[in-house]
Amino acid sequence: MSSRPLTLLLLLPALLIGGLFLVGLLFGLAQSLGLFSLVEVGRPTLRFYGQLLRDPDVLRSLGLTLYVSGTATLLATVLGVALALLLRRMARGAGSLRLLVQLPLPVPHLVAALGLALLLAQSGLLARLLHALGLVAAPANFPALVNDRAAVGVIVTYVWKEVPFITLATLAALRAVGDELEQAARNLGASPWQAFRHVTLPLVAPAVLGAAVIVFAYAIGAFEVPLLLGQSFPRSLAVEAYTLYQDVDLAVRPAALALNSLLALLTLAAVPLYVWLLRRTMI
């Protein structure tokens with residue numbers, strides 16, 4: 001068998017899944033415009049998009065979604081790069097630390113959210129432990145870290161889950177570029193920070209930013225973690241879309257699909273964001 005048919009055969013599952021995803025996305029987009037809808041609207045219309053963009057609750061949800069996604073991505077990226085640099089420099093114990101870093105990778109986000117809820121809730125393990133130690137008067141006095149206005153529980157879950165991904169991507173890039181140029185800069189009088197900022201960081205920036213943008217795009221569209229750990233109002237855009245879609249009133253179904261289309265557009269916006277950040281880093 002020649003290499004071309006074999007390559008196409010290996011790509012067939014990915015092409016099939018991608019095709020099904022694209023068909024579903026286009027069908028949802030059509031329904032958001034009033035086509036193939038369970039509710040007759042007469043002709044294609046952007047009315048449902050206009051309703052969403054004028055809805056203050058949706059705008060609050062957009063702000064919350066961008067805040068959670070941006071904060072979680074920033075924290076995960078900083079911690080991931082720091083861990084990768086530490087692993088590269090460690091002579092002993094690197095294997096054990098690498099194993100600890102990778103432990104969250106196979107854990108589903110839903111399981112991680114449930115675990116964080118049991119740990120960080122005001123009736124959770126940490127609150128009860130601090131109460132038993134006499135550090136808080138009662139578990140109810142423990143700070144609200146789940147279903148809170150600052151979305152601490154959601155952000156902590158995303159950071160715990162995504163730090164390993166960014167760490168491994170950065171570590172692979174660091175090993176690929178080596179440390180010869182950084183050592184040369186140090187020998188020429190550069191400080192450790194100057195060598196990292198002007199030599200190492202531009203070399204690993206494509207890998208770091210690529211991983212960070214993937215995390216950012218995922219956090220925008222994911223709904224299970226904010227559904228379990230987020231507050232009831234405002235809700236993230238994904239949770240808002242899920243709630244609208246589950247509404248018994250079929251008249252709101254096109255609005256739910258319009259919100260899903262806006263979420264897809266936000267996710268696609270991560271591509272030009274990656275290009276812009278890469279250019280800024282390479283300057």
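The values are calculated or read from the model by the stated rules, or taken from the named source; none is laboratory data. Keep in mind the model is a prediction, meaning the values are calculated, not measured. Neighbour counts run over all protein chains shown; Cβ positions are idealised from the backbone, glycine included.
Residue-wise test of (1) over 30 Å from Leu119 (Cβ atoms); (2) buried (at least 20 other Cβ atoms within 10 Å of the Cβ); (3) out of contact with any strand residue (DSSP E or B) (no Cβ under 8 Å at 6 or more places or on another chain); (4) at pLDDT below 85.
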site: Val215; (1), (2), (3), (4): no, yes, yes, no
site: Tyr218; (1), (2), (3), (4): no, no, yes, no
site: Leu273; (1), (2), (3), (4): yes, no, yes, yes
site: Trp276; (1), (2), (3), (4): yes, no, yes, yes
site: Arg279; (1), (2), (3), (4): yes, no, yes, yes
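Condition first: under 20 Å from Leu145 (Cβ atoms) and in a loop (DSSP other than H, G, I, E, B). Now tell me which residues in segment 71-129 satisfy that.
Correct list: Pro104, Val107, Ala121, Gln122, Ser123, Gly124.
Could you list, in sequence order, all residues of segment 225-251 that are more than 17 Å from Ala117 (Cβ to Cβ) and buried (at least 20 other Cβ atoms within 10 Å of the Cβ)?
Residues satisfying the conditions are Pro234, Leu237, Ala238, Glu240, Ala241, Leu244.
Please determine, by comparing only the residues of segment 91-132 that are of a type in the set (S, T, N, Q) and under 22 Å from Pro226 (Cα atoms), which one is farthest from the chain's Cα centre (by Cα).
Checking each candidate, the answer is Ser123.
Would you check if Leu120 is surrounded by 13 or more Cβ atoms within 10 Å (Cβ to Cβ) and either more than 30 Å from Tyr274 (Cβ to Cβ) or among the polar types (S, T, N, Q) (or both)?
Yes: the conditions hold for Leu120.
If you go through segment 1-35 one residue at a time, how many are outside any helix (DSSP H, G or I) and at pLDDT 75 or above? Write out each step before concluding.
Initially, segment 1-35 is screened for residues outside any helix (DSSP H, G or I), giving 1-2, 33-35.
Then drop every residue that is not at pLDDT 75 or above, which leaves 33-35.
Number of matching residues: 3.
Looking at the structure I just gave you, is Ala169 part of a helix (DSSP H, G or I), loosely packed, with under 13 Cβ neighbours inside 10 Å, modelled with pLDDT of 80 or more and not polar (S, T, N, Q)? Break it down into steps so the answer makes sense when it comes.
Working: part of a helix (DSSP H, G or I): yes; loosely packed, with under 13 Cβ neighbours inside 10 Å: no; modelled with pLDDT of 80 or more: yes; not polar (S, T, N, Q): yes.
No.
What's the total number of residues in segment 173-230 that are small (Gly, Ala, Ser) and part of a helix (DSSP H, G or I)?
Qualifying residue count for the region: 13.
Which residue is surrounded by the fewest Cβ atoms within 10 Å (Cβ to Cβ), if the candidates are limited to segment 130-157 and must be in a loop (DSSP other than H, G, I, E, B) and in contact (Cβ under 8 Å) with a residue 24 or more places away in the chain?
Taking segment 130-157 first, the residues in a loop (DSSP other than H, G, I, E, B) are 133-138, 142-151.
Narrowing the set further to residues that are in contact (Cβ under 8 Å) with a residue 24 or more places away in the chain leaves 145-149, 151.
Working: Leu145: 23, Val146: 25, Asn147: 18, Asp148: 16, Arg149: 11, Ala151: 25.
Taking the candidates together, the pick is Arg149.
List, please: which pairs have Cβ atoms under 7 Å, are six or more places apart or on different chains, and start with a residue in segment 95-124 that is without any contact (Cβ under 8 Å) to a residue 40 or more places away in the chain and end with one that is in a loop (DSSP other than H, G, I, E, B) and surrounded by 15 or more Cβ atoms within 10 Å (Cβ to Cβ)?
Leu118/Gly124; Leu120/Leu145; Leu120/Val146; Ala121/Val146; Gln122/Phe142; Gln122/Ala144
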